[in-house]
Structure formats: structure tokens, C-alpha cells
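Data first, discussion second: the structure below is written as C-alpha cells.
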Amino acid sequence: MRESGNAGSDQRQYQVTPEPPSVRAKQLRWGQFPAGRELRAGIQARLDEFLPRYPGYYLLTPDELGESLDFNDSPIRHRIRLRQDHRGNLQGDFAALPVATDSVDLAVLLFTQDFARQPRALVKEVSRCLIPHGHVILFGLNPWSLWGATAAFRQNSTRVPWQAHFISPGRMQDWLDLLGLESVHEERWLFLPPLRRQSGVHGFNWLENIGRRGWPHCGAVYMIVARKQVATLTPIKPQWQKRKAMMPGVVAGPCTKVTAERNRFEKNS
């Protein structure tokens, strides 16, 4: 994104540089994902649980999938729907968010980093926009799952979600730690195989219960809630110390030359 404008003017014009279609889908929809209904229902249930915990003034959702989700449980009423087209109330590039620093109370990323051209730059921009002690709720695709194994065999596919980055939860945690974001909650779910037919998905619902008990780290989807940490600087008053005497217990007197000059001056006066 490039910014142009006069130095004495507050009006700014942003030129958007969209990401190539080969990296990011033109328009993401829940129906493009395997088990799309179960995926959407699981995310909605977790949003209903966590959104009421974080009050504030501004909520940022830089993605298309959030358009069909319900954010009414959030106490934040000002929602910034950032899009790369004209469908949102704010248009801009995900790698250079046109949002002021320390201005967003809560950000929700719905696989945005998995389909972004520069996922690390996106997470860094979200961290910049968050206020001190602000939160981000991040949903991602886990490579250590049945979905991740399928994506490994379909690396050249252009279909959703196989074109995604599939950033591992551990790697995402490292990014968040480097940006000063402390993880306060993490969970994984959706152990179903990547089937697109709804009838086939229902036949594997028993895998959810077994997966939670047997391999809880292999869910296809993970959620991380992180809080922005800011180190507060406390001014320290300097402690002044008296200078120690060169010879303890002895008071140094005037030198001989100074005493002679003083006696001469008193005699002449």
C-alpha cells in the first residue's frame, strides 16, 4: 500500500495492491471448505463464548468469512470490516492495514493469515493496530491433521483450502511471542476427514469424540486467543551518594602556597 497526499492536508489516498489469485481465493465461502457446516458452527459457538469477554470500542475483522457470522454477542458496537474490494466498510491491503496504531480493541482472524500472501506481515499489522492489552482471536488450519495431510498431497491445487499456507499452531505461537502477544487460550477441534458431501461427513461424527480423547493436537482447526503485552516503564529516581574522603578521619587543610599568599595579602592590607 502506498500513501500520497500533501504535507499540510489530513486527507490521505491509499492505493491498494491486491494479492494474486493464486495465493488467495477471490472470495472465500464456507461451502468451499470440507465439512463447511460443521466448521462454521464450531467457530460460531466459540465466538459466542469468547466475544462477550472483551469489551471496547472497535472490532476488526479483515476477511470475507465473517460476513455470515453473528457478532451480536460482542459488547463492541463499532465493527471494522476490512476487505480488499468494495464490499466492506474499509478497503485496504492485509499486509499494510489502513488502521491507526493502538486503536483496535479486538481483532478476529478467520483463516485470514492462511490465505494471505504475507501471513507474517498480516499478524504484525494486527499487533500494531491493537491497543495495549487488546486481544486477537485467531482461527487457523492445522497442518498436523487429516486436512493437513491431504493438503501435502495437493500442493499444486488451487481449490480451497488446499492452497492455504497451513501455518502450524507452534509456529503461530512463535510469531505472536515475538510481537509481544501472550497466548491466553488455545484449542483444536474438527477431527473429521476432508469430505465435501454432507452425507459422508455425518458418517464420521464419531471421530470427534475419539479425536478429543486420543489425539487432541490433531484437529484440523485451531483457535488462539492472545493479549497484547506492553512493558510499562517506571522512572527510577537516582540515588545520590556523598563522595568519600580521600583520607578517612582527616580533614585536609589548605596547601602551603595558598596559606603564604593569604598571609601576604593580609599584611599589605
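The values are calculated or read from the model by the stated rules, or taken from the named source; none is laboratory data. Being a predicted model, the structure only gives us computed values, none of them experimental. With ideal geometry, Cβ positions are generated from the backbone for all residues, glycine too; neighbour counts draw on all protein chains shown.
Structure notes:
- Among residues of the range 209-230 being in contact with a helix residue (DSSP H, G or I) (Cβ under 7 Å, 6 or more places away or on another chain) and outside any strand (DSSP E or B), the one that is modelled with the lowest pLDDT is Gly211.
- Selection of helices (runs of 4 or more DSSP H) fully inside the range 69-180 by the criterion of at least 1 residues being under 20 Å from the mean Cα position of the chain (by Cα) returns 112-115, 119-129, 169-178.
- Of all residues in the range 74-108, those satisfying the criterion of being farther than 24 Å from Val230 by Cα and among the acidic types (Asp, Glu) are Asp85, Asp93.
- Qualifying residue in the range 89-102 (condition: over 21 Å from Tyr57 (Cβ atoms) and either small (Gly, Ala, Ser) or out of contact with any strand residue (DSSP E or B) (no Cβ under 9 Å at 6 or more places or on another chain) (or both)): yes
- Residue match in the range 149-160 (condition: crowded, with 22+ Cβ neighbours inside 10 Å and not β-branched (Val, Ile, Thr)): no
- Residues of the range 38-88 classified as crowded, with 18+ Cβ neighbours inside 10 Å and of a type in the set (Ser, Thr, Tyr), total: 4
- Odd one out for Asp63 among (1) under 18 Å from the mean Cα position of the chain (by Cα); (2) in a loop (DSSP other than H, G, I, E, B); (3) modelled with pLDDT of 85 or more; (4) among the charged types (D, E, K, R): (3)
- Extreme residue, nearest to the chain's Cα centre (by Cα), among residues of the range 1-56 that are of a type in the set (Gly, Ala, Ser) and modelled with pLDDT under 50: Ala25
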